[in-house]
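Below is one structure, written out as structure tokens; comments come after it.
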Amino acid sequence: MSFDTVLNEKKQLVDSYLRRYMKRKEGVPEIIHESMEYSLFAGGKRLRPILTMAGCEICGGEAAQAMPFACAVEMIHTYSLIHDDLPAMDNDDYRRGKPTNHRMFGEGIAVLAGDGLLNSAYELLLNITPLDERAIRAIRVIARASGAEGMIGGQVLDLENEERQVTIQVLNDMHSRKTGALICASLLAGALNAGCSEEEYLKLQDFGNKLGLAFQIQDDILDVIGDQKVMGKDIGSDAVKNKSTYVSLLGLDGSKTVVKKLVGETKSCLEGFGDRARFLIQLTDYLVEREY
Ligand code: GRG
């Protein structure tokens, strides 16, 4: 089967489980369901849940067993995008090819839709049976990566450093928290769920951190050279907000060189996994060659 077919199958599986987990509940105001579903099914790449499935499979598990983790990380990611787009943060008008959540539903509902998705994610995780030590460790990894030590902390650094030129070290720290932490945790949650060894965990952690950074640098590159229609979101916004980016610090060519170097390094992290590593290697290439 070609990589594209496998990727598409995984994406469809994520969508079908998300539909199942997002079943509407009686008595809940219609608008909050609508707003949460609007962003969740707006057409994301499903990178994080696909990484969870891949993390499970590379360690010998079945992707189906990792679906609650996979869907939970997508819910958390979608909440972060809704909040990131708000006027109080990046104030963006388009996301996933559609008007942003607050543009459709207003700021109040958008804040609550993000909160709702975050809570749905942990409800889903806490309903896992059996909620054994493995599952709890995986949930802890996701919670830490999404919280103040990870994504929220990275977003704070991002807000504080607007209109400022920062060093490459500060930029690396900011992005490894803001973007890299959840990407890495998504992969590790799948691996933990499959009962990975400590050695496998450390290799995948190294892989995930490098992939997260390569993904972010590629995002900065696309913010400069990407096509707004293909990307489905506002582009050029980093420059407008005077944000330091890899491109502003290293230039376009310098940024592309770093991405290439990181891609090489990610592949070395997977040595020892043999043929099971094939999908993650192909996924890495796909992510750094992407146009959206
Ligand atoms: C508001 C707590 C809080 C955090 C926001 C994730 C984030 C932190 C901000 C997003 C800003 C941004 C555009 C970062 C660049 C990398 C990134 C996370 C891109 C979006 O992820 P994709 O490309 O999106 O996987 P899709 O829509 O495909 O899921």
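The values are calculated or read from the model by the stated rules, or taken from the named source; none is laboratory data. The model shown is predicted, which means the values in this text are computed figures rather than measured ones. Cβ coordinates were reconstructed from backbone atoms using ideal geometry, including for glycine residues, and neighbour counts include every protein chain displayed.
Results, tabulated for the structure shown:
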quantity	calculated
Top-ranked residue of segment 2-46 - restricted to ones that are outside any helix (DSSP H, G or I) and among the charged types (D, E, K, R), ranked as surrounded by the fewest Cβ atoms within 10 Å (Cβ to Cβ)	E26
Segment 72-109, residues that are more than 13 Å from the ligand (Cβ to nearest atom) and either among the acidic types (D, E) or within 27 Å of R278 (Cα to Cα) (or both)	A72, D93, E107
Entirely in segment 195-290, the helices (runs of 4 or more DSSP H) that have 3 or more residues that are farther than 28 Å from A42 by Cα and polar (S, T, N, Q)	246-269
Matching residues, segment 153-169, being away from the ligand (no atom under 12 Å from the Cβ) and either buried (at least 16 other Cβ atoms within 10 Å of the Cβ) or of a type in the set (S, T, Y) (or both)	N161, V166, T167
Entirely in segment 114-175, the helices (runs of 4 or more DSSP H) that have 2 or more residues that are within 22 Å of G61 (Cβ to Cβ) and among the β-branched types (V, I, T)	133-146
One residue from L192, L222, L213, L188 being within 16 Å of the ligand (Cβ to nearest atom) and buried (at least 22 other Cβ atoms within 10 Å of the Cβ)	L213
Residues located in segment 43-92, provided they are closer than 17 Å to A121 by Cβ and at pLDDT below 95	G44
Hey, M89 hydrophobic (A, V, I, L, M, F, W, C) and not in a helix (DSSP H, G or I) or not	yes
Contacts under 7 angstrom Cβ, first residue in segment 41-58 being within 15 Å of A138 (Cβ to Cβ) and of a type in the set (S, T, N, Q), partner within 15 Å of the ligand (Cβ to nearest atom) and in a helix (DSSP H, G or I), 6 or more apart	T52/A70; T52/V73; T52/S186; T52/L187
Filter result (closer than 18 Å to K241 by Cβ and β-branched (V, I, T)) within segment 91-113	T100
Verdict on A277 being surrounded by fewer than 16 Cβ atoms within 10 Å (Cβ to Cβ) and over 16 Å from N209 (Cβ atoms)	no
Pairs where the first residue, in segment 141-158, is closer than 18 Å to Y122 by Cα and in contact (Cβ under 8 Å) with a residue 12 or more places away in the chain and the second is within 11 Å of the ligand (Cβ to nearest atom) and basic (K, R), C-beta under 6 Å, 6+ apart	G150/R177; M151/K178
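For every residue, the table says whether it meets (1) among the basic types (K, R); (2) out of contact with any Cys (no Cβ under 6 Å at 6 or more places or on another chain).
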position	(1), (2)
A66	no, no
A72	no, yes
D85	no, yes
R103	yes, yes
L118	no, yes
A121	no, yes
I128	no, yes
I136	no, yes
R144	yes, yes
